[in-house]
Amino acid sequence: MRIAAATPLADILEADWQRQVVQVARMVGFNEIYHTFNSRKSAHGFPDLILLRERLIALELKREKTGLTDPQRQWIRALTKAGVEVYIARPRHLEQLGLILAARTVFTAPDDDLIPYRLSTDAARAARQQLVEELRKELGE
């Protein structure tokens, strides 16, 4: 496999970031991956990626300096209320996201108000906690 030169995180395009996330997701067993290719006629704010393995994960992918829109906040709140595991992921989160995606669900008893799953490793739980804290800040909670 050919590796491209590194792009500064602040300059990476969302499409390139998404390709990296999809590659990581496939490497850890997420074979069911959904992305709306033409969002102009779709619901505004719907997450960029839906990943399915033994759990459903919705990912809103952002560049380093972009924030959420109001419709994105609405979708994230609705999905988390329905028990979906949701994250906002930026290029600086690649390591944490990889740990979260690679982990398996141990049990589904609620241990967190945003993500009702316990992940299989301490490292994945710590990574999830970091991303959940950032998600709460983004949502203004």
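Things worth noting here:
- Here the average projected area of the convex hull drawn through the C-alpha atoms of segment 46-87 stands at 2.9 nm².
- Karplus-based coupling profile of segment 57-65, in residue order and whole Hz: 10, 10, 10, 9, 8, 9, 6, 4, 10, with θ = phi - 60° in 6.51 cos²θ - 1.76 cosθ + 1.60 and x standing for Gly or Pro.
- Taking amide hydrogens as placed 1.01 Å from N in the peptide plane, the amide H of L56 sits under 5 Å from those of E85, each at least 5 positions away in sequence or on another chain.
- Long-range Cα-Cα pairs in segment 9-84 (distance over 21 Å), rounded percent: 30
- For segment 9-139, convex hull of alpha carbons as volume per residue, Å³: 102
Bear in mind these aren't lab numbers, they're just calculated from the coordinates by the rules spelled out. What you see is a predicted model; the values in this text were computed from it and never measured.
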